[in-house]
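Here's the structure we're looking at; comments come further down.
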Amino acid sequence: MAVQARIIKNLLFIRPSGSDTRTLHSLREVGRKDQERALAAALTDSLWLAGQEVSATVTLVTKDYCITPHLDYKLDNFTEKLQLFRFEQKEDLMIFIVEHIHCFTEDSSHGVILFLYSLICSRTIERLQEDLDSSSAHLLNLNLGNFVCRQALINLLLTGRARPHVFNGTLYRDKDDSPLDRPLQGVLNRSDIGYLHWSREEMEHSTLLQVGSRLKTPLFPVWLVSVNGSCSVLFSLKLSLLSDWRMEHLFNLYYYNGQSSQTHTCTLTIDTHSHHWEAMSSDTDAERKFPSLEMTIRTKWAGAAINWNGTAPFY
């Protein structure tokens, strides 16, 4: 979904068009070639950020072994067949991915795994070790037989750095803490794609992550949204939403969850001047009465009234 968010960013705000008017209809009319190019641009942006906008590496699978297995290495019939392609110009990286986009999209291409390897190689193991702190040493977590992205990997996708926390900057420990404990690593800069997070379970246990302003206010009005552990995308058609406070009085957000069950556009109207929700929130159980997606949106626009415009509320 992080890749989907950047695809939407590129189609709405980067792709040249004959009109300054951005509409949902323009997204529906995107042809196959433009779709592939938008995907290539999304992958390029992510890898280039991971390489600190200096270089990036793409990993592709070959038919033959590219490394010599040894006694300490457990064969998986995949990793040992990876070939690395390094680029020091973003334009060259983009051209290469466009030419090899089928390696990420064809059936049985292992595209997601290749992208993950490319992210890690672009960031480099040394930088990843610097990004992580004593609270997290892994990018993936094995849960009930499935691998789940940890926050460090989500941040790597969004910001180019695998820092494990969502607050702004770096949090230094008290002097009484163990000297082995490194400072807690948060987000250093605004990213092109934002991030919002809400979990009913975390709220009930008073452990809800507090996302900092650098992730809440990205460069483009597109957010990766984590709702009860499931990722989706929120976006606006108006770039000025992030630069003109008057645009935040009444505006639309569009929601996309990537599931086949979502068969039509979900348009949410956000009203930040209405006191309707604030009046109802005096009830201690108010948070149980509202859809989780609404609660997620209110982590950025506190107290906003949200109209689903005829769509049955979900999440």
Is the chain best put as rounded, prolate or oblate by its Cα gyration tensor, with a ≥ b ≥ c the root eigenvalues, rounded for a/c under 1.5, and otherwise prolate when a/b is larger than b/c, oblate when not?
oblate
Can you tell me the length gained on complete extension of the stretch ARG190 to VAL98, counting 0.36 nm per residue apart and subtracting the Cα distance?
30.4 nm
Full-stretch length increase - SER260, GLU248 - with 0.36 nm per residue and alpha-carbon distance subtracted:
1.2 nm
Mind listing the long-range amide H neighbours of ASN252? Cut-off is under 5 Å, sequence gap 5 or more, other chains count too, H placed in the peptide plane at 1.01 Å from N.
ILE270
Applying the gyration tensor rule to the Cα atoms of segment 99-159 (axes a ≥ b ≥ c; rounded if a/c under 1.5, else prolate if a/b exceeds b/c, else oblate), the class is oblate
VAL112-LYS81 FRET efficiency (beta carbon distance; Förster radius 22 Å; 0.05 resolution)
0.85
Taking 0.36 nm per intervening residue step and subtracting the Cα-Cα distance, what contour gain separates GLU88 from ARG173 on full extension?
26.9 nm
In this structure, the FRET efficiency calculated for SER274 and MET203 from their beta-carbon separation, with R0 = 22 Å, to the nearest 0.05, is 0.45
Within the set LYS9/LYS90; LYS9/LYS216; LYS238/LYS300; LYS9/LYS33; LYS33/LYS216; LYS9/LYS238, which residue pairs have Cα atoms separated by over 20 Å?
LYS33/LYS216
With charges set only on the Cβ (+1 for Lys and Arg, -1 for Asp and Glu), what does the dipole of segment 89-177 come to about its Cα centre, in debye to the nearest 20?
220
Given the peptides 200-206, 263-269, arrange them by the average over their residues of other C-beta atoms within 10 Å, most packed first.
263-269, 200-206
So what is the 222 nm mean residue ellipticity for the chain from helices alone, if each DSSP H run of at least 4 adds -39500 (n - 2.57) and you divide by all residues, rounding to the nearest 500 deg cm²/dmol?
-8000 deg cm²/dmol
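Computed from the coordinates by the stated procedures, all read-outs in this text should not be read as laboratory data. Values in this document were obtained by computation on a predicted structure and should not be read as measured data. Using ideal geometry, Cβ is built from the backbone for each residue, glycine included, and neighbour counts are taken over all protein chains shown.
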